[in-house]
Structure formats: structure tokens, C-alpha cells
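Nothing in this text is a laboratory measurement; each read-out follows from the coordinates by a stated rule. All values derive from a computational prediction rather than experimental measurement. Cβ placement follows ideal geometry from the backbone for every residue including glycine, while neighbour counts extend to all protein chains displayed.
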């Protein structure tokens, strides 16, 4: 199983990234194979035809499980993350990928954003959106047990969806 | 595999029901085991504690695959359907159920309602929302091939999620 | 200015109602002229053609300001409320009405539901949705100052929209 | 009345821009005072502290009416547009601005995106979101009359909201 983490925080090595890596481990039992910090893809995100971005898209499309994580800006995912998601082919760009939408924020009042705003974009790209959107409080996710709960509940579903066909 | 169809159309034997039964067949390869016309549950839908409604909830909760279908009213699912969904336990009421959100409408402009409005309710109930929302045009679904396409694309996912664990 | 409160709580005289009446006062400076408890409209909500429901629809459609309030069920408005909203004419049923979407819940994590799920239904009915969705915590709204803040911010907008044309 | 058009299309002088300028005229009766093509703000959109972006934010915040327009990417607004919206102050960045959400797409099936995905971001920024989201078909908006209809219906509301207080 190939696992990739996509981080849409403009700041590198953010707590969003830390949360996303923990989610990937909770769902798959091991470290993510790839971590894509969208900000590393640079100004070409505003254009088309960049080889580095194409490679990142291929990494995601070739993964079995992808954790897509964003801080919460204006009650939804960041524009930075969306500039990357805009590079995928509609309807098929994440075909066959189990995608876990994760958002990190400073207060609970935007908790529905992961399910209501980020997950539908992944569904539009053809991902298998079997898991609910997971919202994490920036100040608490390391100790509040929510990532562990999510892993316990959904790792078996990920396992069914990603293991080799019998 | 136990398959159930839930129909939220105030009119019995509606085209919504016909569409939902076709979707269930396309996803499972056979007729649905149960069809729940929410309108048959009667005025007790506005109250609590009715045995017939509790039995219908149990039927859904005990199914492997549930097709939840609604006509499109005011750009979303019907109030009738939601009165039934309100009877499930939050977060766990559809635990372990693969739920396919289906909406039927008279024009394409409300097509996103299945993904953006109906599917999040099923996710909130704990369902496995692996499949994208499916919107069908009332006048065309019998011949436009969309149900077949949906079945071809997503039946293998349903199969993985619902077969007995190895 | 005619002000109406619509309450979608299955329980009469709920805290949802209390909150909605306070919002109406904060926005208009006086008591609501009409309070419609949807549950009072009875089992005819599941059917069509009831005179009492038609009168309630007319009351709303003839109001300048309507506060539409619901408890939070399954991360959105109640099915009960939607059965009433389903009785309005699409696109025009709330034409000319300033509609304030209010939801009351037990925890902050569903706070976005007022803006993301209830308000779009009111927009679909043709209402003037100038005000943001307001989510209130059931245990705190009487003392947390959020209703007063909402009134201070948005009463001037309501006043502009509802006063007689010059 | 100061009117500004914001265009979130990565391609300059797009049909999105043409549509947005027509909407601004239909709502205000005259040409927009400012047109901001987000792509012109350049790579600094991915960072913070750029003077040109700050000036563009100030132009929007100082406007009475803003038409925010995007092509439809992955069933919602572009990442490009969101990188600009992310630069506004949350809750207050568009305080006092009447914001019209406009999306342009190639087919009707994403029509709800303007109301369900773009408008809530504007509400989160504190804008007065009195007008419904307007979705336009790229191939038809110049002749299908929808912009005129929108103007006839909503220009009086814009006028009430933006004229000098009596």
C-alpha cells in the first residue's frame, strides 16, 4: 500500500503537516511514503504545464491512500491547496485513491468544513471518499485522542479498499 | 449482502423509487432486499417512539448497502426523507453501512445536491460514504446510461466493502 | 415592518424558539408579529393542499423579516422544518423576504450548518439572504452576547432592506 | 457607489471576466470602477505581505458592490481566486460590501457551486450576501438573458443596501 500526505499550509513543517502524518499512520499502520508540501511546488501552481507539479499529481494518483490536509482559512481549505487540486483531471484524477480529508483549525466552529467543503472536491476528482472529513483542533490534536479514534474506526475500511483483490 | 432502498418521495411508486431500485441492482447485481417508502411510515415521522419507524431504522442499520434516494425539493433532499434520517443515532446510526446518495430532479442545475447536501447527512450518521452522490434527470435516467456507468465504476468498491472479511 | 419567526423544533416552546424570538427582537427592535411552530401544522406537513399550512406559508411570504430557526439534527436543520419549507414555491416563495437562518446546537462543531445548509434553502426560495447564518449554543445563547452582536451588526442592514422605498 | 469586479480565472480577459463585468452593469447600471484580475497579482499570492495584494484587498474592502467571479474548477471556485480571498481579514474583511458570487461553467451540473461553495466564503469575510449565487453557462450567458434577469431582480436590493443613509 502506497500512502501519500498532501499538505496545503503555506508554512512548511506546519502543525497541519504533523496532524496529517499522524492520520496517515493511524489509518495505515506506518509512516507515509510521500509527503507533498504544496508550497514547495512554487509559483508554477498559478500556471499550467510544470513538470514538478505533474510529478506530484502522479504521486497522488498512484497512491492507494492519500491524506489531504489543510489549515482552515475563511471556513474552508486554503487557496494554496486548491491550486494543486485544480491540476488533477476532473472525475478521474484520483480514481482508485482512498482520500481522507483533514482540516486543522483554531476553534470548533469550522469543524464541518472538512466534510462539507474539502471532501466534495475529492469526490469530484473521482477519489473514493469512504471516510468522513476529520477536523482537528490545532491546540489539542496531539493529545485529544481524535486521530486514534479515527484510525480505529476507519483503518479497517481503508484495509478493505486497498488490499490486493483476492 | 443485504441491500435496502430508502425512498423519500411523498408520492408512492415514484420515479425516484424506480431509479433507486435500478441503482441498487447496478451496485449489487440483484434486486434490493428491502424497499422503504418513507411516506408509508406515516404521521409518526413527526414524533418519536414509533415501533414501525424503529423497525425501518433497524432494517437500514442492518443492511450492507443502502441506496438513499430523494426527489430534489428546493435544491436539496425532501423534508420527508430527513424526518426519517433524524430518527437514526448520530455518528453511529449507519455504522458499517455503505450508503449511496441518489437524487432525482427535473433539470441539471441542482445536480450537486446529492454530493453537497445529502451525502454529508449520511456521513454524519456514520455511514461509509465511499460513493459519490448520483444525480439523475427524471426524464432521462432510464435511457441515459448514467446508472449503468455508476454501477460499473462503483460496484467493485461496494463488493470490497461488503464481502465477508477474509 | 412585519416580522415572523418560524421554529422547526418538534418540541413546542423549545429553546430554539426562545433563541429565534430574541434574534427577531435584536434585528427589528420589537417582538415578532407571528410565531409559527411548524409542529403545530400537524400531519398535513407530509401531504399537500392543507389550508392551515397554506396560511402559514402566506404569513411568511407576506413578512418583511423572517427568522427561520432549527435545532441541529445530524449536522443540519430538522426534517420537520424542511417539510414546511418544501411547501413554498421554488425561486419565488420568499421573494422580498429578508430571511435570517438560525440554528441551535449542543456543541460548536456543527456551527457552519446555518450558513452552509439552511441559508441555501432560503436562497433557493428567493429570500434575501443578506445576513450570515447564526449558530447558537443551546447552553449559552442567553448570556454569551452573540445575539446582541448579531443584532448590532445586521439590524441596520435589515432596516435598509425593509423600510418603505423613498 | 463604487463597484469592483474580481476575476479568478488564470487566463486574462476570459469569458469569466466578460460575464462578471456584465453582471456588475446589470446590478449598478454602469461600468465597474475597478477590475481586479487575480492572476495579475502574481506569485506573491502564495505568500504574505505584498503591497500590490494589500492594495487590491483595500480596493475590494472600500467598494460598495463587488462581483466575485470564477470559472468552475472541480465543481467549485478556482484555487487562484481563493488565494486572494485568503488575504482578507476573517469576519470583517468585506464588512459593508455587497458581494455577488458568480460562477461560469461548461455545463449546468455544477450550477449550485455559486450558492453552496463561493457565497459562504464571502459571508465568512463579513460581506452582505443578499444576492443568490449566479451560475452562467459559458456558451450561453451572452444571449440567454440570465444576467438581465438577475439585474432586474436584484439591482433594487443593491440600491437599497448601497445608497447613502437618509
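Brief remarks on what is shown
- The two copies D and C are related by a rotation, and the chain D beta carbon nearest its axis, with distance in whole angstrom, is D:130, 2.
- What separates the Cα centres of region A:1-21 and region A:98-166 is a distance of 13 Å.
- DSSP-defined beta bridges in the protein assembly as shown - what % are antiparallel, rounded to 5: 5 percent
- Projected label points at residue D:58 and residue D:44, each 7 Å from Cα along the beta carbon direction, are separated by 1.2 nanometres.
- For the protein assembly as shown, adding -39500 (n - 2.57) for each run of n ≥ 4 DSSP H residues and dividing by the number of residues yields -10000 deg cm²/dmol at 222 nm.
- Ordering A:48, D:154, D:108 by the number of other Cβ atoms within 10 Å of each residue's own Cβ, fewest first, gives A:48, D:108, D:154.
- Shown for residue C:48: label points 7 Å from Cα along the beta-carbon vector, and their distances to the equivalent points in the other copies, 3.2, 4.6, 5.5 nm in ascending order.
- Residue with peak Gaussian network fluctuation, chain C [Cα springs, cutoff 10 Å], from C:11, C:87, C:74: C:74
- Inter-copy label distances at residue A:144 (7 Å, Cα→Cβ; nm, one decimal): 1.4, 4.1, 4.3
- Among A:71, A:101, A:120: highest mean-square fluctuation, GNM of chain A, C-alpha pairs under 10 Å: A:120
- Computed over chain A, the range of Cα coordinates on each principal axis works out to 44, 41, 26 Å, biggest value leading.
- Each copy carries a label point for residue D:2 at 7 Å from Cα toward Cβ; from one copy, the others' points are 3.9, 5.1, 6.4 nm away, ordered from shortest.
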